[in-house]
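See structure below.
Coordinate-derived values only; no laboratory data. Predicted, not measured: the structure shown is a model, and the values here were computed from it. In this analysis, Cβ positions are derived from the backbone assuming ideal geometry, glycine residues included, and neighbour counts consider all displayed protein chains.
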Amino acid sequence: MGTVTLLLAVWGAFIGTVNLLWNIRRDLRDRGRLHVLCYIGQTRGGSAGEDARRRLVYHVTNTGRRPIVVTHLGGAWSPKQHFLIPTAIPLPRTLQAGDFLLEYTDDLSMLSPPPQALWAIDSLQRHWKIPRRQLRQILREAAHPPGVEEPSLPPPRGGPRFILGPDPPPASGGAQSCRSSFSTS
């Protein structure tokens, strides 16, 4: 009888601990969470027609389970110099789970000097930043508009390079082939 009681006590303690940890994990994840995506874009088609102006676009999505209030869109040139973008829809705006906010600005002057961060700010003053890689891509696109050739970069040092050559004329069977040469430098 003592062994059965001990096994049931151990089993109950184990199940209770697992349940406690599961509830803590669930409660920590049960909140609003924003995913911020920024890019350089243009308006094409629709009733407004084509607009050649380039814009900095903010696409903010609530990927969490709870509503979250977006209060500002902007960024920072330095830790003490911040900027905000003017929005067409007045902020603050509440985003329910799965909702998104799409805003843009025609003023690309905020990208010069290059900002250190672009972000959305919520009502709890949390800054939801875009990844650095995405920021570098935006700065490259802003510096080299479409139609302007980007300066060529030197090949990487010490690693192999693939050089794709022009396609040779089609074989007699009509099949296309791609010729590439591999060089190490």
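Based on the Cα atoms of the range 39-78, what semi-axes does the equivalent ellipsoid have, where each is the square root of 5 times one gyration tensor eigenvalue, given in whole Å with the largest first?
Value: 27, 17, 8 Å, ordered largest first.
So what's the projected area for the range 34-143, the Cα convex hull averaged over all directions, in nm²?
If I average the Cα hull's projected area over directions, I get 7.3 nm².
Going by C-beta contacts inside 10 Å, put Glu141, Glu50 in order with the fewest on the left.
Final ranking by Cβ density, sparse to dense: Glu50, Glu141.
What number comes out for the charge environment of Trp128, summing +1 per Lys or Arg and -1 per Asp or Glu over other residues with Cβ under 15 Å away?
+4
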